[in-house]
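Visitor: Quick one: structure below, then a few questions.
The values are calculated or read from the model by the stated rules, or taken from the named source; none is laboratory data. Since the model is a prediction, treat every value here as computed from it, not as a measurement. Don't worry about glycine lacking a Cβ; one is built from the backbone with ideal geometry, like all the others, and counts go over all protein chains shown. Surface accessibility is based on the protein's heavy atoms, side chains included, excluding ligands, DNA and RNA. Shrake-Rupley method; radii C 1.70, N 1.55, O 1.52, S 1.80 Å.
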Amino acid sequence: MSEAIPSELPEEYRELAATVRDFAEQVVAPVSAQHDREHSFPYEVVAGMAEMGLFGLPFPEEYGGMGGDYFALCLALEELAKVDQSVAITLEAGVSLGAMPIFRFGTEEQKQRWLPSLAAGTALGAFGLTEPDAGSDAGRTRTTARLDGPEWVVNGSKQFITNSGTDITAFVTVTAVTGETERGKEISTIIVPSGTPGFDVAPPYDKVGWNASDTHALSFQDVRVPAENLLGERGRGYANFLRILDEGRIAIAALAVGAAQGCVDDAVRYAKERQAFGTHIGGHQAIAFKIARMEARAQVARRAYYHAAALLLAGKPFKQEAAIAKLVAGEAAMDNARDATQVFGGNGFMNEYRVARHYRDSKILEVGEGTTEVQLMLIARSLGL
Ligand SMILES: Cc1cc2nc3c(=O)[nH]c(=O)nc-3n(C[C@H](O)[C@H](O)[C@H](O)COP(=O)(O)OP(=O)(O)OC[C@H]3O[C@@H](n4cnc5c(N)ncnc54)[C@H](O)[C@@H]3O)c2cc1C
């Protein structure tokens, strides 16, 4: 089986990955199938991740974080996603989409107010960009926020928002049109705390996968929040959210690599045991080559996200590399999930097998945080096309 925690990584990263891997196998794996079947949010697993400090990984200690970095978060996501993508996306969205906008763009007061509980994992923030008529083309946002004296009045709707309706969701940050400029819409970001009158969270979606992840449509009807809930500069909301998505793509790529590698690991184990035509099925070259190709996909995608993360940590441009990592990792996860279910034969179609869950879960990795086509658009643009 592959060496999933490469030996050239510095010791502290290797230790973190090994600790998260133990947690994933001992705490997450035993309850995954049940949460998937019942579409229930894994509060006890989230509490365990919180206790380990995973929600605070990339934040400084002064805000209750662990003083680590974005790559540490990626390693944790990879290990979790091998076992359970719903748990991994709960952490990814909580940290990189929920807390990170506050950390990157918040005032000192906003950071002091929100970050300690987000970093502790006792609260979750959500990221409200997508709308019924604004997905890939997120600049088409129709939600509005009008300043009325000391308050913003928010009206509109969002859809498919992760972590937006749990018992511990503290707020959603939403992009909203706050005016017109000579260049078009002025889009800003507003923090809307959970429970604010007029802010409604629809019942959970009936999804194909990521069943234990919390996803809702949201509506805002004359929702009043204080003027100081503006996050970042007025008119910079869209640009700021795009920056968050750029780095979020590295985290999603890491999650997808975990899914791709989880499929390899399960397929190797199964191919060594399952007998057909006088040998274990891995003894048939067609199966061995299929799994070899799966391993190659996972390794190439891992290199791609390591590279993008290294650029991010070095303060260098990383937009193109993040898009490439997201593209190849999302496709690797989906391709490996399809091939792993083939290796498992009829069992691969049974929900009790983890590869079946990966098969349902992985499709969204070619869609969420920018579809495959959006990644290709970004890469093409970076080439001047
Ligand atoms: C489970 C789940 C969780 C999510 N979590 C969040 C969240 O927390 N916050 C959030 O804001 N959003 C979230 N999303 C939304 C997600 O980011 C969007 O679904 C995604 O960006 C695609 O937007 P769309 O669904 O509107 O598809 P569309 O934009 O309508 O795209 C439909 C198809 O057209 C293609 N397409 C569109 N434009 C072009 C073009 N110019 N060239 C070529 N092809 C094109 C797309 O690639 C896609 O294949 C989530 C979605 C899901 C399903």
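Visitor: Is there a pair in Lys82/Lys111; Lys158/Lys185; Lys82/Lys326; Lys290/Lys363; Lys207/Lys319; Lys207/Lys326 whose C-alpha atoms are over 24 Å apart, and which pairs would that be?
Guide: Lys82/Lys111; Lys207/Lys319
Visitor: What does the accessible area per residue of the stretch 125-235 come to in Å², with a 1.4 Å probe and no ligands, DNA or RNA counted?
Guide: 44 Å²
Visitor: Counting each DSSP H run of 4 or more residues in the chain as -39500 (n - 2.57), what helix-only mean residue ellipticity at 222 nm follows after dividing by all residues, to the nearest 500 deg cm²/dmol?
Guide: -16000 deg cm²/dmol
Visitor: Report, in whole Å, the centroid distance computed from the Cα atoms of the stretch 140-178 and the stretch 275-295.
Guide: Cα centres, the stretch 140-178 to the stretch 275-295: 51 Å.
Visitor: Starting from the amide H of Glu151, placed 1.01 Å from N in the peptide plane, find each other amide H under 5 Å away whose residue is 5 or more places distant or on another chain.
Guide: Ala227
Visitor: Round to a whole angstrom and tell me the spacing of the C-alpha centers of the stretch 338-379 and the stretch 87-101.
Guide: Rounded to whole Å, the Cα centres lie 20 Å apart.
Visitor: With every protein chain present, what is the per residue accessible area of the stretch 261-385 (1.4 Å probe, Å²)?
Guide: With all protein chains present, the stretch 261-385 gives 50 Å² per residue.
Visitor: Given +1 on the Cβ of Lys and Arg, -1 on the Cβ of Asp and Glu, and no further charges, what dipole in debye does the chain carry about its Cα centre, rounded to the nearest 20?
Guide: 1020 debye
Visitor: Taking each full run of DSSP H in the chain as one helix, which ones are at least 30 Å long along their axis (Cα atoms) and have mean Kyte-Doolittle hydropathy of at least -1.0?
Guide: 237-273, 285-313, 319-343
Visitor: Continuing with the same structure: Normalised by the residues of the stretch 125-235, what does the relative contact order come to in percent, with Cα pairs under 8 Å and at least six apart?
Guide: After rounding, I find 30 percent.
Visitor: How many percent of the alpha carbon pairs in the chain exceed a separation of 32 Å?
Guide: Result for the distance tail: 32 percent.
Visitor: Sticking with this structure for a sec: Using DSSP to call loops (not H, G, I, E or B), can you name the GluC sites (Glu not before Pro) in the stretch 122-202 whose Cβ has at most 15 other Cβ atoms within 10 angstrom?
Guide: Of the GluC sites (Glu not before Pro), the ones in loops of the stretch 122-202 whose Cβ has at most 15 other Cβ atoms within 10 Å are Glu182.
Visitor: Okay, moving on. Could you please state how large a percent of the accessible area of the chain is carbon and sulfur, counting protein chains only and using a 1.4 Å probe?
Guide: Answer for the chain is 53 percent, counting heavy atoms of protein chains only.
Visitor: Could you provide, to the nearest whole Å², the per residue accessible area of the stretch 32-122 with probe 1.4 Å?
Guide: I get 32 Å² per residue for this part.
Visitor: I would also like to ask the following. If R₀ is 56 angstrom, what is the calculated FRET efficiency for the pair Glu11 and Leu147, using the beta carbon separation as r and rounding to 0.05?
Guide: Calculated transfer efficiency: 0.65.
Visitor: On to the next question. Given charges of +1 on the Cβ of Lys and Arg and -1 on the Cβ of Asp and Glu, with all other atoms neutral, how large is the dipole of the stretch 61-114 about its Cα centre, in debye to the nearest 20?
Guide: 160 debye
Visitor: Still on this structure, please answer the following. Once R0 is set to 56 Å, what does the formula 1/(1 + (r/R0)^6) return for the Cβ-Cβ distance between Asp22 and Arg140, expressed as a FRET efficiency to the nearest 0.05?
Guide: 0.80
Visitor: Taking amide H positions as placed in the peptide plane 1.01 Å from N, state which residues far from Thr143 in sequence (5 or more) or on other chains have amide H under 5 Å from it.
Guide: Amide H neighbours of Thr143: Ser157, Val177.
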